[in-house]
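Data block below; observations after.
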Amino acid sequence: MDKVDQNILVAVDHSNQAESAVKFYLEKVHRPGNKVVFVHCVELPELSIGRAKDSHMSPTVLANMWKEEEARTKVLEEKLTALLKEKKVPGKLRTSAGKPGELICQIAEEENAAMIITGTRGMGKMRRTILGSVSDYLVNHASCPVMVCRDPSDVERRRNLSGELKKLRHASGDSLNSFAANLRQRFSSGNKSRSQSASSDKDEAKKEKEKENQEVKENIEEETPSNG
């Protein structure tokens, strides 16, 4: 097979998901001739007094955040450089600040990338709806194919969550069934009590009627003169 020189862009950050994506590429996708372009997007506000005020941060706090991110980026760069050297894969790291989806698409075009490899953030449905998904953005806007790698821990967590939800639904179903049974029992007991009460009322009325008839009969007997 002829060696084909092409650039493969791999989106990275400090997460386990990104690490899994890098590992998947190097073990399953990499081919001789491929050059890896790691892209690290820093999601921090711009370092300016105006921006700091707009985000309700003091310039000092914002500057410290940037220093921490620079230190973390240096560690990430050293880690990736060592990994490329170990695997004997040519590559480089590009770091930019801004919206990850837009930056990755832009750098992919600048590097003439043949493919984009990205991990997932492992966000739930609500967070993904509010914050947006970088992988979704890439799939819909990138000018080259996009491969999304799911971290094994995310898969296991989703399985566990699914199992817990099933148990919860089962427990909720049992509770509803128990509630319905109690309701039917109460309704049945209420009907029985009302039936017994109605029967008792009928007996009382009958006794009262018999008592009235007896009193009338006795009065008639007292008013009727005897033949003796």
Would you please give the residues with an amide H less than 5 Å from that of Asn7, counting only those at least 5 places away or on a separate chain, with H modeled from the backbone geometry?
Lys35, Ala114
Length added when fully stretched, His141-Ser96, from 0.36 nm per residue minus Cα-Cα
14.3 nm
With only Lys, Arg, Asp and Glu charged, each at its Cβ (+1 for the first two, -1 for the last two), find how big the charge dipole of the range 53-116 is about the Cα centre; round to the nearest 20 debye.
280 debye
Going through the cross-link list Lys23/Lys99; Lys67/Lys99; Lys28/Lys79; Lys35/Lys87; Lys35/Lys79; Lys67/Lys88, which pairs have a Cα-Cα distance over 22 Å in this structure?
Lys23/Lys99; Lys67/Lys88
What is the set of long-range amide H partners of Glu111 at a cut-off below 5 Å, with H atoms built 1.01 Å from backbone N?
none
Return the FRET efficiency for the residue pair Glu43, Arg150: r is the Cβ-Cβ distance, R0 is 35 Å, and the value is rounded to the nearest 0.05.
0.95
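Read the figures in this text as sums done on the coordinates, not as results from a lab. Quick caveat, the model's predicted, so the values are computed rather than measured. As a convention, Cβ positions derive from the backbone with ideal geometry for all residues, glycine included, and neighbour counts pool all protein chains shown.
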